[in-house]
Amino acid sequence: MTPLLEFRDVDFAYAVAEGRPGFAIRGLSFAVAAGEIFGIIGPNASGKTTLIRLLSKVLRPARGDIRLDGDSLGRLSRASTARRVAVVPQDVPHGFPYTVEELVLMGRFPHAPGRFFESADDVRAAEEAMAAVGVLELRGQALDRLSGGERQRVMLARALCQESRLLVLDEPTAHLDLRYQAECAGLLRRLNRGADLTIVLISHDLNLAAELCDRLLLLKAGAAIAVGPAETVLQESTLESVYGCRVVVDKHPASRRPTVQIVWPDPGGR
């Protein structure tokens, strides 16, 4: 079976800055199957954001190939790429002078990049996307009047409106309280199962990734350290080596998925 997403021996390097070598990805290979929730984890400066930029054609690999449903990403136009991959960024921009519905309708642009007005099908897709994430009643509200959790759901609705097969989320719960984190996790599960949506989840939250994802990719300094189910990737010795701190890996009492806890240093030195 052809993977929906595949990195084949991909290299990329940023330019040297002030005499210091730029960050680089070397020989990165992994595949994501259709219908999978695939988590990408790792410390700061491990390459997670660079992967998103490579996937969305903001950056191009220096070597290797990225394939979407068997087609080389390098041969696809930006509009064609956006019809296949929808990205939900970590930060929702402020000062955006648009309503919820107007922003969500922007997700239709890749389907007709030369058109200036939305069609009836565009409006239908936007309404379905807003209903799916629970913001349909906010369609006329200005973005700057919404809470952080509401804004995050609106950005997710815009991505769903693209009707892509692959959804990439960058830290989707980073600015959410516990209630909205739980709601977000439940929503992503429903979208994955009910809409046959493949999801790539970029997260610093190892416990969220372990709970939601079928498999994980652990990165460090642009290299793949481990790929596989959470039970095999989230090993204490591996995490301590990658993150540089002591951890304890246990099992969640309800789901039996791995949970990761930091062993905090004793501030008193005892």
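No value in this document is a laboratory result; all are computed from the given coordinates. On a predicted model such as this, the values are computed, not experimentally measured, just so you know. Cβ coordinates were reconstructed from backbone atoms using ideal geometry, including for glycine residues, and neighbour counts include every protein chain displayed.
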What ³J(HN,Hα) values, in whole Hz, does the Karplus curve 6.51 cos²θ - 1.76 cosθ + 1.60 give for the range 162-169 when θ = phi - 60°, with x put for Gly and Pro?
5, 6, 8, 7, 10, 10, 10, 10
Going toward the positive end of the dipole of the chain, with +1 on Lys and Arg Cβ and -1 on Asp and Glu Cβ, which of I37, P3, V263 do you reach last?
P3
Of the listed peptides 139-146, 216-223, what is their order by residue-averaged count of other C-beta atoms within 10 Å, with the highest listed first?
216-223, 139-146
Quick one: putting +1 on the C-beta of Lys and Arg, -1 on the C-beta of Asp and Glu, what dipole do you get for the range 1-155 around its Cα centre, in Debye to the nearest 20?
560
Counting sequence-distant residues (5 or more places) and residues on other chains, those with an amide H built under 5 Å from that of V200 are F38, L167, V168, L169
Rounded to the nearest 10 degrees, the helix 120-133 long axis (Cα) sits at an angle to the longest Cα principal axis of the chain of 40
Two pseudo-spin positions, 7 Å from Cα along C-beta at S72 and at F23, lie apart in nanometres by 2.7
Between the Cα axis of helix 148-161 and the main Cα principal axis of the chain, the angle (0 to 90°, nearest 10) is 70
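Antiparallel DSSP bridges in the chain: what percent, to the nearest 5?
60
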The range 89-164: chymotrypsin sites (Phe, Trp or Tyr not before Pro) in DSSP coil with no more than 11 other Cβ atoms inside 10 Å
F116, F117
For Kirkwood radius over Cα pairs in Å, the listed values are [x] 20.4; [y] 19.8; [z] 18.7; which was obtained by calculation from the structure presented?
[y]
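Around R75, under 13 Å between beta carbons, what's the net of Lys plus Arg minus Asp minus Glu among the other residues? Spell out each step's value before the answer.
Numbers: positive: K57, R60, R67, R78, R84; negative: D65, D69, D71.
Summing Lys and Arg as +1 and Asp and Glu as -1 gives +2.
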Starting with the highest mean, order 186-192, 126-132 by the number of other Cβ atoms within 10 Å, averaged over the residues of each peptide.
126-132, 186-192
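Among residues other than K251 whose Cβ falls under 14 Å from its Cβ, what is the net charge (Lys/Arg +1, Asp/Glu -1)?
Around K251, the charge tally is -2.
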Using the Cα centre of the range 81-168 as origin and beta-carbon charges of +1 (Lys, Arg) and -1 (Asp, Glu), tell me which of P113, L136, L103 is placed farthest towards the positive end of the dipole.
P113
Calculate, for D250 and R193, the FRET efficiency according to 1/(1 + (r/R0)^6) with r their C-beta to C-beta distance and R0 35 Å; round to the nearest 0.05.
0.85
Restricting to Cα pairs below 8 Å that are 6+ residues apart, what does the relative contact order work out to for the range 5-230? Please round to a whole percent.
30
Electrostatic dipole magnitude of the chain [Cβ: Lys, Arg +1; Asp, Glu -1; Cα centre; debye, to 20]:
500
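What does the charge count near I41 come to, summing +1 for each Lys or Arg and -1 for each Asp or Glu among other residues with Cβ under 9 Å from its Cβ?
Combined, the nearby Lys, Arg, Asp and Glu give 0.
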Give the residue from L178, L188, T232 lying farthest towards the positive end of the charge dipole for the range 177-267; charges sit on Cβ (+1 for Lys and Arg, -1 for Asp and Glu) and the dipole is referred to the Cα centre.
L188
Quick check on packing: order 30-37, 201-208 by the mean number of other C-beta atoms within 10 Å, highest mean leading.
201-208, 30-37
Residue-ordered couplings for the range 62-77, obtained by feeding phi - 60° into the Karplus form 6.51 cos²θ - 1.76 cosθ + 1.60 and rounding to whole Hz (Gly and Pro as x), are 6, 8, x, 9, 10, 10, 10, 6, x, 9, 5, 4, x, 9, 8, 6
